[in-house]
Amino acid sequence: MVVIVVGGQWGDEGKGKVIDLLAERADLAIRSQGGNNAGHTVVTEHGEFKFQLLPSGILYPTCTCIIGNGVVVDPRVLLKEIDQLRERGLEPDNLVVSERAHMVMSYHPLFDQLEEGVRGDDRLGTTWRGIGPAYSDKVRRIGFRIGDLQKEVFMRKKLDFVVGQVKNPILQKLYSEQPLDAEALLAEYLEYAKRLDRYIKDTYPIVQAALDRGDNILLEGAQATMLDLDFGTYPYVTSSNPTAGGALTGSGIAPTRVDQTVVVVKGYTSRVGYGPFPTELLDDLGELIRERGREYGTVTGRARRVGWFDGPVARYSTRLNGATSVALMKVDVLSEVETLKLCTGYRFRGEVHDHPMANISHLKHCEPVYEEMPGWRADISRCTEWSDLPRECRDYVERVGEVCGAPVDLIGVGPHRDQLVMRRPILFQRETAAR
Ligand code: GDP
Ligand code: IMO
Ligand code: MG
């Protein structure tokens, strides 16, 4: 059985927590795109874990965790994450890295920063983790794959070419920067090779055998639909396809094998970095939601922009990803807001649109159409059953489901892994501990 979990807004919806719900009974968990621009939080009885490259299923030794072919891996960050896990007494013996995955090379973050610098006021607000430059090199066929770490002669020859013929001329002539030293880079990467060797494998046979056995397979999306290279607010997007389609190409699973797709959204909306955000709240209420929801970047610490729930965005996501369930997270953050607003369309030049327009300047200048709903005063953080939630809260969740056109099966009421209200189980989710 295959379940895909993807983000339905602009990221940081609480995907890590939903993944954690499913990972205990998953045989295989696969990260299939993005890199260490992602930050997925799981809060357990052992404290808080923030995963950037490691699949969030890594906490379960029985779950084989694959960093798939579609991910871009910075070996320095991966090794640091492995070390951090070890410091907490956990050994990632269940980790596998696809030899087809490309590497974020140590020069990619530099290029990310330099490219953002020359954009000036039009900068994208990337995470500076070198994600865009690494994917660009993959497409230009001058990228290095993780499997290349096991081929010293090949690495030397290719580094000589890429550094000497491509990177250094740009660094020196365009940016007046110091040139890179190919020999030093080779030495650095051979060190990473030694430490990562045991995890590097061809993942095709592992994934296919799991499919043949009918194992539980969990695809962990990073980023989100509105950051998708094709369907997001281009160019204010990431450089991969975080939609369900990207999860498949990034892992080597055929579309006919997918059983369920969970689209994760929160009860409001957030965005890090620049780009249009029609329902953004720039007032005191926005500040209150940011503080209550602790909306500060998991990776960069940047304050996240926040706004009302954006129905057109959520519906677009459920449709593009073929959602069988919606997980609506962080609903607790909205407690005590007197009147909630829910955007159902965008008015632009007299017309109301029910989905995000491809032209981002229209999106930037549209006016959101809102419905108002009464809020609730009660603390919902200890609710475990649908019937425990105040009526106004249930009405809000129902309305979100209607607007999304998909059932809201999970409701997040707090950061801890057990702070969830389940309405309908998702395939192979764990039994929840009673609180
Ligand atoms: P991801 O990137 O989608 O995995 O999300 P992040 O981990 O970047 O951000 C989500 C944040 O919200 C984390 O700090 C989570 O611990 C927290 N969180 C997740 N679900 C809930 C919830 O239902 N309520 C509250 N209050 N916090 C939540
Ligand atoms: P998770 O998986 C939120 C945003 C960046 C920037 C844009 C491009 O934790 O939800 P990049 O470094 O990818 O080239 O930056 O994408 N971004 C995210 N925003 N959550 C993420 O991941 C993000 N990954 C990238 O802030 O606006
Ligand atoms: Mg995140």
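Take P133 and tell me if it is closer than 25 Å to R31 by Cβ and either modelled with pLDDT of 95 or more or surrounded by fewer than 20 Cβ atoms within 10 Å (Cβ to Cβ) (or both).
Answer is yes for this residue.
Among what's in the range 315-367 and is among the aromatic types (F, W, Y) and in a strand (DSSP E or B), pick the residue that is farthest from ligand 2 (Cβ to nearest atom).
Here the residue is F348.
Within 13 Å of ligand 3 (Cβ to nearest atom) and either within 30 Å of G311 (Cβ to Cβ) or in contact (Cβ under 8 Å) with a residue 24 or more places away in the chain (or both): which single residue out of V3, V43, V72, V18 fits that description?
When all the criteria are applied, what remains is V18.
Name the one entry in R271, R195, R257, R213 that is of a type in the set (D, E, K, R) and not assigned by TED's automatic domain parsing to the domain that holds Y396.
Every option except R195 fails the conditions.
Across the range 202-254, what is the total count of residues that are small (G, A, S), within 30 Å of F277 (Cα to Cα) and not in a loop (DSSP other than H, G, I, E, B)?
4
Output the residues belonging to the range 285-302 that are away from ligand 3 (no atom under 14 Å from the Cβ), among the aliphatic types (A, V, I, L, M) and either touching a helix residue (DSSP H, G or I) at 6+ places or on another chain (Cβ under 8 Å) or part of a loop (DSSP other than H, G, I, E, B) (or both).
I289 - this is the single residue of the range 285-302 that is away from ligand 3 (no atom under 14 Å from the Cβ), among the aliphatic types (A, V, I, L, M) and either touching a helix residue (DSSP H, G or I) at 6+ places or on another chain (Cβ under 8 Å) or part of a loop (DSSP other than H, G, I, E, B) (or both).
Among the residues of the range 91-140, what is the count of those that are away from ligand 1 (no atom under 16 Å from the Cβ), within 30 Å of Y60 (Cα to Cα) and of a type in the set (K, R)?
1
Restricting the search to the range 55-69, which residues are buried (at least 24 other Cβ atoms within 10 Å of the Cβ), in a loop (DSSP other than H, G, I, E, B) and more than 12 Å from ligand 1 (Cβ to nearest atom)?
G68, N69
Under the condition of being under 19 Å from D197 (Cβ atoms) and of a type in the set (S, T, N, Q), which residue from the range 52-86 is farthest from the chain's Cα centre (by Cα)?
T64
Go through the residues of the range 15-38 one by one and say whether even a single one is basic (K, R) and either assigned to a loop (DSSP other than H, G, I, E, B) or more than 6 Å from ligand 1 (Cβ to nearest atom) (or both).
So far as the range 15-38 goes, yes, one or more of its residues are basic (K, R) and either assigned to a loop (DSSP other than H, G, I, E, B) or more than 6 Å from ligand 1 (Cβ to nearest atom) (or both).
Every residue in the range 395-422 that is touching a helix residue (DSSP H, G or I) at 6+ places or on another chain (Cβ under 7 Å) and surrounded by fewer than 17 Cβ atoms within 10 Å (Cβ to Cβ), please.
Listed by number, the residues that qualify are G405, P407.
Which one of the conditions (1) within 16 Å of ligand 3 (Cβ to nearest atom); (2) among the polar types (S, T, N, Q); (3) surrounded by 21 or more Cβ atoms within 10 Å (Cβ to Cβ) does S325 fail to meet, given that it meets all the rest?
If we test S325 against (1) within 16 Å of ligand 3 (Cβ to nearest atom); (2) among the polar types (S, T, N, Q); (3) surrounded by 21 or more Cβ atoms within 10 Å (Cβ to Cβ), just (1) comes out false.
Have a look at V72, V6, V104, V43 and point out the one that is surrounded by 24 or more Cβ atoms within 10 Å (Cβ to Cβ) and touching a His at 6+ places or on another chain (Cβ under 8 Å).
When all the criteria are applied, what remains is V72.
Is at least one residue of the range 4-15 modelled with pLDDT of 95 or more, more than 15 Å from N241 (Cα to Cα), touching a helix residue (DSSP H, G or I) at 6+ places or on another chain (Cβ under 9 Å) and within 12 Å of ligand 2 (Cβ to nearest atom)?
Yes - at least one qualifying residue is present in the range 4-15.
Could you go through the range 122-130 and let me know if any residue there is among the acidic types (D, E) and outside the structural domain of D27 (by TED's automatic domain parsing).
Yes: the range 122-130 contains one or more residues that are among the acidic types (D, E) and outside the structural domain of D27 (by TED's automatic domain parsing).
β-branched (V, I, T), outside the structural domain of W128 (by TED's automatic domain parsing) and farther than 19 Å from K15 by Cβ - does that describe any residue in the range 223-232?
Checked against the condition, which is being β-branched (V, I, T), outside the structural domain of W128 (by TED's automatic domain parsing) and farther than 19 Å from K15 by Cβ, the range 223-232 yields no hits at all.
Could you check the range 73-82 and list, in sequence order, the residues that are out of contact with any Phe, Trp or Tyr (no Cβ under 6 Å at 6 or more places or on another chain) and outside any loop (DSSP other than H, G, I, E, B)?
V73, R76, V77, L78, L79, K80, E81, I82
The values are calculated or read from the model by the stated rules, or taken from the named source; none is laboratory data. The model shown is predicted, which means the values in this text are computed figures rather than measured ones. As a convention, Cβ positions derive from the backbone with ideal geometry for all residues, glycine included, and neighbour counts pool all protein chains shown.
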